[in-house]
1. Only one of these is modelled with pLDDT under 75 and among the aliphatic types (A, V, I, L, M): Leu3, Leu20, Leu60, Leu53. Name it.
2. For Tyr36, indicate whether it is hydroxyl-bearing (Ser, Thr, Tyr), at pLDDT below 80 and in contact with a helix residue (DSSP H, G or I) (Cβ under 7 Å, 6 or more places away or on another chain).
3. Return the residues of the stretch 68-79 that are surrounded by 11 or more Cβ atoms within 10 Å (Cβ to Cβ) and at pLDDT 85 or above; say none if nothing qualifies.
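The values are calculated or read from the model by the stated rules, or taken from the named source; none is laboratory data. Just so we're clear, the structure is a prediction, and the values are computed from it rather than from any experiment. As a convention, Cβ positions derive from the backbone with ideal geometry for all residues, glycine included, and neighbour counts pool all protein chains shown.
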Amino acid sequence: MTLNKEVKAKIQAGKIFEALTIAISEAMELEVTTIYTSEDLDQINSSSSESRLYTRFNLLDGTVNHEIDLKLIDNPVYDELQRLHIEQVEQRQASLIEKLTSLTKMRNIFTNSNLSSEK
């Protein structure tokens with residue numbers, strides 16, 4: 001996960017709790033794009049040099065969007081390409097879950113730390 005300027009500024013200002021809150025909210029979206037070039041797929045006959053499978057998950061609103069290049073659907077290797085894309089999506093999902101778990105734990109530590117120091 002790449003930190004944006006706002007998160008970096010919050011960290012530099014010592015506002016770790018706010019930085020973690022922003023990072024968690026931004027981590028709620030997952031995008032996976034699998035691009036196949038003509039060199040990868042001899043069977044694709046088109047003027048375009050690449051085709052793609054694209055998946056976007058938004059965990060906050062529960063939406064999932066898929067885009068599939070129409071040239072791929074009729075391609076004899078489509079099933080294999082789809083399987084590879086699904087593997088990439090599953091790997092990114094697992095990574096996202098790990099990151100969100102870590103961010104949530106860190107946020108809870110800071111929350112509990114702040115509550116303890118206020119007593």
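1. Testing whether each residue is modelled with pLDDT under 75 and among the aliphatic types (A, V, I, L, M) leaves just Leu3.
2. Yes; evaluated as a whole, the condition is true for this residue.
3. The answer is Ile68, Asp69.
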